[in-house]
């Protein structure tokens, strides 16, 4: 081996993950519209829903009592949605840049690539959601961080789901090219009605409730309502969410690898187009 | 454990003897740099590569010639492990591809018009990232050296998207050389370059081969380039190997003065000198 190259570990290399995170960081810092977009939509969301919450609180005794459930739901939904987008957009950047072939030919392993996308989703999420929570505090007096330790359980469960969906959507784009790009933008919305973000699970027809309980975010939003309305932290809900997330996470990785293999079989890795 | 191994190895199970704690299966010398045996690639109804076999010696420069759709890019992609063969086998630097590709990826590199470097990043940023992916030691010095060798200094801090086509080709070549690869796979390495720069790049490749005893496999439509650079030429047509020899021997066989004339003979189905009808 060439003497200028260091010994490379056989397992996961932090150096390669770090290189990929640096690549996305450079990209983010090189483009102010990209940065602005990260803050713009969450800010718009929180302001719209915050005023709506204010309005219905005046008209409804329930919402006056359950202060912050709508705002809390909006913030948690954004963690779920932006977490997935943060993951998938970094992946799409490689497709748009036609750089995937370079990466696939380098010693970067798929697991390292996916881990770097996860780290980037956290960074992008922080840039978008932290200002959102500050706006919620400033405009509507809702202190998201007052949720305390349960917030960690909510966050972890939502981010794991967002990564699973992100890995799956990226695999589909990898296999089918940029023609499948719209999946990245819309897939999470398929989860939205069943995750019961703004209403309790009991609202759904009985048969649909069974489907809803297969989705980890349903447990998180139920848990959030339990905490904000009844002031009870439901650890059992979080444990269920975590268990289902573990299954989803492993399954999404397996599907990604299967789609990668399929892309290699049909020669779409170098094409990358539509 | 099986799933973990697959995650770490691109979906391929590591073959026995190459797992943690064992010596790498890829050798450091001795065998051929590339060993292709009965390679076939079928896309639906199209036979893109049709039962080809060849071995490429270490330290040689081999040209892969053929018209559009001859199967050159698919062949190179299978050698890199980016396309899975329908049947047949590929070994690179002693490692089976794709099963053991991570054993040797750090010793290979490539350049192709089918891929780009990220446009918004500067040349220096791009080279830094790829240098880190390849675990290049003393990366800053290496980038400075490449910038001097390939004349990139004046636009090292310019975005890749703002470069001319020729400058982008030089940057792509710098990326391909960043890890001083033992095996370099090049697809149209001098495309979009003016004759002077193209000649200069060819000189650089020749020098690189000599100083590093590197193996170079290049696909090209530039016959003069192939004549000048290559010790050996493999001509492909419709997925098959039509001829395989030194440029001089091939030109003699077709009774032609240039490879371009040979290329036209092959493309238009004219028989080579003395060959019985029906034989390739």
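The values are calculated or read from the model by the stated rules, or taken from the named source; none is laboratory data. All figures in this text were calculated on a predicted structure; none of them were measured in a lab. When we count neighbours, we look across all protein chains shown, and the Cβ atoms used for this are built from the backbone with ideal geometry, even at glycine.
Below is a table of values for the structure above.
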item	result
Segment B:174-205, residues that are assigned to a helix (DSSP H, G or I) and more than 28 Å from residue B:157 (Cα to Cα)	none
Subset of segment A:260-274 (residues that are part of a loop (DSSP other than H, G, I, E, B), touching a residue at least 40 places away in the same chain (Cβ under 8 Å) and facing chain B (nearest Cβ under 9 Å))	A:272
Unique residue being assigned to a helix (DSSP H, G or I) and closer than 18 Å to residue A:212 by Cα when the list is A:160, A:155	A:160
Matching entry among A:241, A:190 (being surrounded by fewer than 17 Cβ atoms within 10 Å (Cβ to Cβ) and more than 14 Å from chain B (Cβ to nearest Cβ))	A:190
Test: residue in segment B:75-87 that is assigned to a helix (DSSP H, G or I) and over 20 Å from residue B:52 (Cβ atoms)	no
One residue from A:247, A:229 being surrounded by fewer than 21 Cβ atoms within 10 Å (Cβ to Cβ) and away from chain B (no Cβ under 14 Å)	A:229
Qualifying residue in segment B:37-53 (condition: within 12 Å of chain A (Cβ to nearest Cβ), in contact with a helix residue (DSSP H, G or I) (Cβ under 8 Å, 6 or more places away or on another chain), loosely packed, with under 15 Cβ neighbours inside 10 Å and over 23 Å from residue B:221 (Cα atoms))	yes
Positions within segment B:149-173 being in contact with a strand residue (DSSP E or B) (Cβ under 8 Å, 6 or more places away or on another chain) and in a loop (DSSP other than H, G, I, E, B), in sequence order	B:156, B:157, B:158
The lone exception for residue B:87 - which of (1) modelled with pLDDT of 95 or more; (2) under 17 Å from the mean Cα position of the chain (by Cα) it fails	(2)
Test: residue A:265 is surrounded by 15 or more Cβ atoms within 10 Å (Cβ to Cβ), more than 20 Å from the chain's Cα centre (by Cα) and under 20 Å from residue A:212 (Cβ atoms)	no
Residue B:146 vs. criteria part of a helix (DSSP H, G or I), more than 9 Å from chain A (Cβ to nearest Cβ) and in contact with a helix residue (DSSP H, G or I) (Cβ under 9 Å, 6 or more places away or on another chain)	yes
Residue ID - nearest to the other protein chains (Cβ to nearest Cβ), chosen from residues in segment A:1-16 that are within 17 Å of residue B:101 (Cβ to Cβ) and modelled with pLDDT of 90 or more	A:16
Which numbered condition residue B:183 misses (of (1) over 18 Å from residue B:63 (Cα atoms); (2) within 14 Å of chain A (Cβ to nearest Cβ); (3) in contact with a helix residue (DSSP H, G or I) (Cβ under 8 Å, 6 or more places away or on another chain))	(1)
Filtered residues of segment A:17-50 (kept if away from chain B (no Cβ under 14 Å) and touching a residue at least 60 places away in the same chain (Cβ under 8 Å))	A:38, A:39, A:41, A:42, A:43, A:45, A:46, A:47, A:50
Number of positions in segment A:71-105 that are within 7 Å of another protein chain (Cβ to nearest Cβ) and either buried (at least 24 other Cβ atoms within 10 Å of the Cβ) or part of a helix (DSSP H, G or I) (or both)	4
One residue from A:204, A:257 being within 14 Å of chain B (Cβ to nearest Cβ), surrounded by 15 or more Cβ atoms within 10 Å (Cβ to Cβ) and more than 21 Å from residue A:79 (Cβ to Cβ)	A:257
Of all residues in segment A:128-142 being modelled with pLDDT of 90 or more and surrounded by fewer than 18 Cβ atoms within 10 Å (Cβ to Cβ), the one that is nearest to residue A:164 (Cα to Cα)	A:130
Some residue of segment B:170-193 being over 30 Å from residue B:92 (Cβ atoms) and surrounded by fewer than 21 Cβ atoms within 10 Å (Cβ to Cβ)	no
Qualifying residue in segment B:77-91 (condition: surrounded by fewer than 18 Cβ atoms within 10 Å (Cβ to Cβ) and either within 12 Å of chain A (Cβ to nearest Cβ) or under 18 Å from residue B:237 (Cα atoms) (or both))	yes
Considering residues of segment B:103-135 that are over 22 Å from residue A:98 (Cα atoms) and part of a helix (DSSP H, G or I) only, the residue nearest to the other protein chains (Cβ to nearest Cβ)	B:107
Which numbered condition residue B:138 fails, given (1) crowded, with 23+ Cβ neighbours inside 10 Å; (2) free of Cβ contacts under 8 Å to residues at least 24 places away in the same chain	(1)
Qualifying residue in segment B:202-213 (condition: out of contact with any strand residue (DSSP E or B) (no Cβ under 9 Å at 6 or more places or on another chain) and over 23 Å from residue B:61 (Cα atoms))	no
Tabulated pairs, segment B:59-76, first more than 12 Å from chain A (Cβ to nearest Cβ) and over 21 Å from residue B:108 (Cα atoms), second modelled with pLDDT of 90 or more and not in a strand (DSSP E or B), C-beta under 6 angstrom, 6+ apart or interchain	B:66/B:72
Hits in segment B:225-250 - residues which are more than 23 Å from residue B:74 (Cα to Cα) and either in contact with a helix residue (DSSP H, G or I) (Cβ under 6 Å, 6 or more places away or on another chain) or in contact (Cβ under 8 Å) with a residue 12 or more places away in the chain (or both)	B:228, B:250
